[in-house]
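Working notes, structure below.
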Amino acid sequence: MTRHPAWLAVGLMLFAVIACNLGKRSTNLSTNNANDASNSNSDSPSTSTGALTKVHMARDNGKGDPGEETDTFNSKDRTIHCVTTLKDAKSGTQMKFSWFVVDAEGGKTEKIRDIDYTTRALENIVHGHLTLPQDWPSGKYKVEVFVNGNLEKTAQYSVK
């Protein structure tokens with residue numbers, strides 16, 4: 001059986017994203033103390049229960065954590081973060097970040113991947129992130145954020 005380098009690269013990328021996602025989480029000790037109740041680049045879907053007070057996109061700070069808030073990324077920004085603030089910090093809250101290509105070079109409206117996470121006690125700031133081993137294709141993307149199975153917010157972003 002012949003192994004294809006492209007499938008190996010996809011598998012390694014998947015492993016890296018999962019490993020990074022399991023090891024890096026923000027807690028309520030984060031320096032992100034924004035009290036903004038909404039985000040201009042987020043939609044409030046009809047299934048929202050009000051579990052989130054804020055959702056925003058951010059560049060990587062170079063240490064694997066969210067840095068500068070933005071909704072426009074450079075194609076060389078390999079890691080993109082989606083940062084959420086929960087209204088109530090409860091242990092066991094089920095979070096899901098669903099990452100999508102909306103309209104980008106080589107693809108239209110397709111799911112990239114889901115990232116699941118369960119919160120710990122007093123954890124009200126949770127971020128999901130996605131890393132590509134190569135430059136991001138230019139285009140439009142979105143992240144749907146679910147809390148306990150309910151679609152709460154959608155954050156739009158672009159790569160130029």
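The values are calculated or read from the model by the stated rules, or taken from the named source; none is laboratory data. Not measured: the values here are computed from a predicted model. Cβ placement follows ideal geometry from the backbone for every residue including glycine, while neighbour counts extend to all protein chains displayed. Surface areas here come from the heavy atoms of the whole protein model, side chains and all, with no ligands, DNA or RNA. Shrake-Rupley method; radii C 1.70, N 1.55, O 1.52, S 1.80 Å.
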- Message: Exactly one condition in (1) within 20 Å of Thr70 (Cα to Cα); (2) open to solvent by 70 Å² or more (accessible area, probe 1.4 Å); (3) touching a residue at least 60 places away in the same chain (Cβ under 8 Å); (4) not β-branched (Val, Ile, Thr) is false for Lys140; which is it?
- Response: (3)
- Query: How many residues, within the range 88-111, are within 18 Å of the chain's Cα centre (by Cα), among the charged types (D, E, K, R) and farther than 12 Å from Val145 by Cα?
  - Reply: 3
- Query: Hey, among the residues in the range 77-107 that are among the basic types (Lys, Arg) and in contact with a Gly (Cβ under 9 Å, 6 or more places away or on another chain), which one's modelled with the lowest pLDDT?
  - Reply: Lys87
- Task: Could you please find all residues in the range 113-131 being open to solvent by 20 Å² or more (accessible area, probe 1.4 Å) and touching a residue at least 24 places away in the same chain (Cβ under 8 Å)?
- Result: Arg113, Tyr117, Thr118, Arg120, Ala121, Leu122, Asn124, Thr131
- Note on the structure: For strands (runs of 3 or more DSSP E) lying entirely in the range 61-160, having 1 or more residues that are closer than 24 Å to Thr49 by Cβ and of a type in the set (Ser, Thr, Tyr) picks out 79-86, 94-104, 107-118, 150-159
